[in-house]
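Working notes, beginning with the structure itself.
The values are calculated or read from the model by the stated rules, or taken from the named source; none is laboratory data. Predicted, not measured: the structure shown is a model, and the values here were computed from it. Reconstructed Cβ throughout: ideal geometry from the backbone, glycine too, with neighbour counts over all protein chains shown.
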Amino acid sequence: MLLQAPKLLNSRIKFAKVSNSLMITYANSKLNARVQRVVDYIKEIYQFRYLIRSLVKRDFKGNYRHSFLGYLWHVITPAAMIVIYMIVFSTVFGREIDNYWLYLCSGIFPWHFFISSLGSGTNCMVTHAGMIQKMYFPREALIYANAITNLITFLISYVLVIVLMILTGCHINIWSLLIVPIIIFFESVFVIGLTLALSSIDVYVRDVSHAIRLITMLWVWVTPVMYLSSINNGALQTILWVNPMTYFIESFHSCVYYGQIPTLEMISISFLLAAAAFVAGILIFKRLERGFAERL
């Protein structure tokens, strides 16, 4: 018996080593499979980049089709909004905030991008039902094209704001402005993730697109777009910082209005919100996509 004990111990050690190696191999294979799915997904979207481009061109042209000024309306509309914010809102509401027009513009244009992308994207699958039923393409392309169209309008608005800052002699911090594209990217990923989830649910429950319009109307009042985030206390202050859009809007305020680089905490939370929303949106979309043909 004493002679057999070392042999039994060695066999158990060998078995444990084999089991560990098998578990590691299995884990690596699962990880490789997931990475491969991500790579395949990116390749598929890239293959249909021309479709996304054509959808963006169609939507961009369609807004002002047959109009005399055409694309100029994409500049005239935000320019008129900025003038209104400077003259009316700064006089009536902006007595406690210096350069209130700049504070308002630095937050309200990202907010418009958010609600425009979410509002038009939520019923994207339903409005393009004929296209979905007649041809194969990644259904997510409709969401990406919708977000890019609204993003272009947003970028035009922000360029006008920066030009007006230069003309009016407002303080500009070049280093903080360099952070703006990063925040724009995070917000774009966040809104795409939300839209992917909501648009897929809307195929099954058509009330979602109508509910989103009502929710965004209320949402703006708990987002520091038109007021300072520091002036609210109590329950509203808690609601304000539970609101994910607060982190994006405040980051824009920091970069453009205050001329300061957002804190690492603000940037990190914005990144995590964007990543979580996008991953959740993709998973929900892919899960519900299987029933689109029957529901549309």
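Return the residue satisfying two criteria in turn: it lies in the range 97-122 and is hydroxyl-bearing (Ser, Thr, Tyr) and over 11 Å from the mean Cα position of the chain (by Cα), and of such residues it is farthest from residue 143 (Cα to Cα). Taking the candidates together, the pick is 100.
Scan the range 176-221 for residues that are farther than 27 Å from residue 268 by Cα and surrounded by fewer than 16 Cβ atoms within 10 Å (Cβ to Cβ) and the total you get is 9.
If you filter the range 242-295 down to residues that are in contact with a Pro (Cβ under 9 Å, 6 or more places away or on another chain), of a type in the set (Ser, Thr, Tyr) and touching a residue at least 60 places away in the same chain (Cβ under 8 Å), you find that the one that is nearest to residue 141 (Cα to Cα) is 270. Count, please, the residues in the range 254-274 that happen to be in contact with a Phe, Trp or Tyr (Cβ under 7 Å, 6 or more places away or on another chain) and under 22 Å from residue 116 (Cβ atoms). So the answer is 4. Among the residues of the range 224-253, those that are among the β-branched types (Val, Ile, Thr), crowded, with 17+ Cβ neighbours inside 10 Å and at pLDDT 90 or above comprise 246, 249. Tell me which residues, restricted to the range 243-266, are of a type outside the set (Ser, Thr, Tyr), assigned to a helix (DSSP H, G or I) and closer than 19 Å to residue 108 by Cα. Matches in the range 243-266: 244, 245, 248, 249, 250, 252, 253, 255, 256, 266.
Any residue in the range 183-191 that is of a type in the set (S, T, N, Q) and touching a helix residue (DSSP H, G or I) at 6+ places or on another chain (Cβ under 7 Å)? Yes, that holds for at least one residue. Say whether the condition of being among the small types (Gly, Ala, Ser), within 21 Å of the chain's Cα centre (by Cα) and either modelled with pLDDT under 90 or not assigned by TED's automatic domain parsing to the domain that holds residue 101 (or both) is met by at least one residue in the range 202-210. Checked against the condition, which is being among the small types (Gly, Ala, Ser), within 21 Å of the chain's Cα centre (by Cα) and either modelled with pLDDT under 90 or not assigned by TED's automatic domain parsing to the domain that holds residue 101 (or both), the range 202-210 yields at least one hit.
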